[in-house]
Amino acid sequence: MGAQLIVTERPRWRRWSAFAALLVIGAACAAAVNNYYNKDKAHHTPEGFRNNYLQRSAEGQQFWKWQRERIAAGVPKPPANNYQFAMAKPDIAWLRANRIETTATWVGHATVLMQVAGVNIITDPHFSGRASPVSFAGPKRMVPPGLSYEELPHIDVVVISHNHYDHLDIDSVKRLAAQAGGPPRYFVGLGLKSWFADLGITNVTEMDWWDKTTHMGLEVNFVPVQHWSKRTLTDTDRSLWGGWLVKAPSYSFFFAGDTGYSKDFADIGAKFGGVDLALIPIGAYEPRWFMQVQHVDPAQSVKIHQDVKARKSIGIHWGTFELTDESLDVPPLRLAEEVAKAGLTPDRFVALKHGEMLRLAAKP
């Protein structure tokens, strides 16, 4: 493949300045109280929420030690593996008209447009130029969205995995709420409904782990993954993170959001008996000493694919924002190696181009 990259230039000193901004913006003064606390649920605490299989928060420990290491090592390195961030361009008119075929289109990072049973669903919508609480600093989008907001079909359903800035983007959710034809239904974890209400968005369903509801003929399930939540200085783990498993009569998909590896995925596979498609993160995993409890590497991504018993998987959470130490182009290369090691055919777990659409056959 060619070596020409669609990657914007950026000052090296700004790469992670959003995280410094995150530490000083929007601090709340009230004591932490979990209004959803249920003493009979192990993942609830009086102050917030915790993971099923981790005895502490998955929030990154020794953040500043990691930052010092990054500066000394000069990472992340620019893409250097002869990898081309090529853009695919789906047939926009066809996508907008489609209410029959099952499709998946990777917009970038954790944003995927799913078309299932005539319903347009989008995961963790993010169309902004930065994953940051401020517009002038922070992780910058290095590759433009594969579909712009203006090119989207009418969105019926939005699922949000958690409140980190690269997954819950205020401008994107506000624009979707104002779309022509009416707002989508937002599905969120416990503790996020009030955040949306502050924006004037009330078409929101809030769910706990293993909760199930129906909407537009779909069964929507919120399931546990190993991660954490935070948007301000004092709200660590105050809202609930998770993945989404969406079932239609003829097709099902699992969106992992953002996660470290845990037994949760075997639990999901056991409960649901498998899914047709899994959207699994493959990037933002280095260095492992810092990232291992909150972000999977490609070997663990393949294990998730196996645990949830997916017929097919798509790699997400890579190639869009420079969040960690590996180069943007490395995750799909590592994924291909791990897929081969696992004895899977290459088409079982793929990484798409930004904007690439797959037509997905219903299960036999």
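Numbers at a glance
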{"quantity": "Protection proxy ranking, peptides 156-167, 223-234, 55-66, average beta carbon neighbours within 10 Å, highest first", "calculated": "156-167, 223-234, 55-66"}
{"quantity": "All-pairs Cα distance distribution in region 83-178, expressed in whole percent, bin size 5 Å", "calculated": "2, 13, 25, 24, 19, 11, 5, 1, 0"}
{"quantity": "Built amide H within the under 5 Å cut-off of Ala278, gap 5+", "calculated": "Phe254, Lys312, Ser313, Ile314"}
{"quantity": "Global form of the chain, assessed from the alpha-carbon gyration tensor, a/c cut-off 1.5", "calculated": "rounded"}
{"quantity": "Hits among aspartates and glutamates - C-alpha to C-alpha of Lys353 under 16 Å, sequence gap 8 or more where chains match", "calculated": "Asp91, Asp329"}
{"quantity": "Structure-based [θ]222 nm, the chain - -39500 (n - 2.57) summed over DSSP H runs of at least 4, per residue, nearest 500", "calculated": "-5500 deg cm²/dmol"}
{"quantity": "Residue exposure sequence - Asp198, Asp329, Asp297 - by fewest surrounding Cβ within 10 Å", "calculated": "Asp198, Asp329, Asp297"}
{"quantity": "Per-residue HN-Hα couplings for region 312-323 [Karplus 6.51, -1.76, 1.60; θ = phi - 60°; Hz; x = Gly/Pro]", "calculated": "8, 9, 10, x, 10, 6, 7, x, 10, 10, 7, 9"}
{"quantity": "Cα-based shape type of region 27-156, given that a ≥ b ≥ c are square roots of the gyration tensor eigenvalues and the cut on a/c is 1.5", "calculated": "oblate"}
{"quantity": "Asn203-Ala42 pseudo-label distance in nm [points 7 Å out on the Cα-to-Cβ vector]", "calculated": "3.8 nm"}
{"quantity": "Bridge type composition, the chain - antiparallel percent by DSSP, nearest 5", "calculated": "55 percent"}
{"quantity": "Across Lys41/Lys263; Lys41/Lys65; Lys39/Lys303, pairs whose alpha-carbon gap is larger than 27 Å", "calculated": "Lys41/Lys65; Lys39/Lys303"}
{"quantity": "Mean Cα-pair separation over length for the chain, i.e. relative contact order, pairs under 8 Å, 6 or more apart, %", "calculated": "21 percent"}
{"quantity": "Efficiency of FRET from Cβ geometry, Ala336 and Ser250, R₀ 41 Å, rounded to 0.05", "calculated": "0.85"}
{"quantity": "Theoretical gain in end-to-end length, Phe63 to Ser194 [0.36 nm per residue, Cα-Cα removed]", "calculated": "44.3 nm"}
{"quantity": "Simple spin-label estimate for Asp347 and Tyr149 in nanometres, 7 Å along Cα-Cβ", "calculated": "3.7 nm"}
{"quantity": "Label point at Thr232 placed 7 Å out along Cα→Cβ; residues across region 169-200 whose backbone nitrogen lies under 19 Å", "calculated": "169-171, 189-200"}
{"quantity": "Relative packing of peptides 282-291, 235-244, 299-308, 341-350 - highest average C-beta neighbours within 10 Å first", "calculated": "235-244, 299-308, 282-291, 341-350"}
{"quantity": "Gained length - Asn52 relative to Phe272, 0.36 nm times residue gap less alpha-carbon distance", "calculated": "77.4 nm"}
{"quantity": "Virtual spin-label span in nm between Arg311 and Ile92, 7 Å along Cα→Cβ", "calculated": "3.1 nm"}
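Rule-based calculations on the coordinates, nothing more; no lab input. Source: prediction; values computed, not measured. Cβ atoms come from the backbone with ideal geometry, glycine included; neighbour counts cover every protein chain shown.
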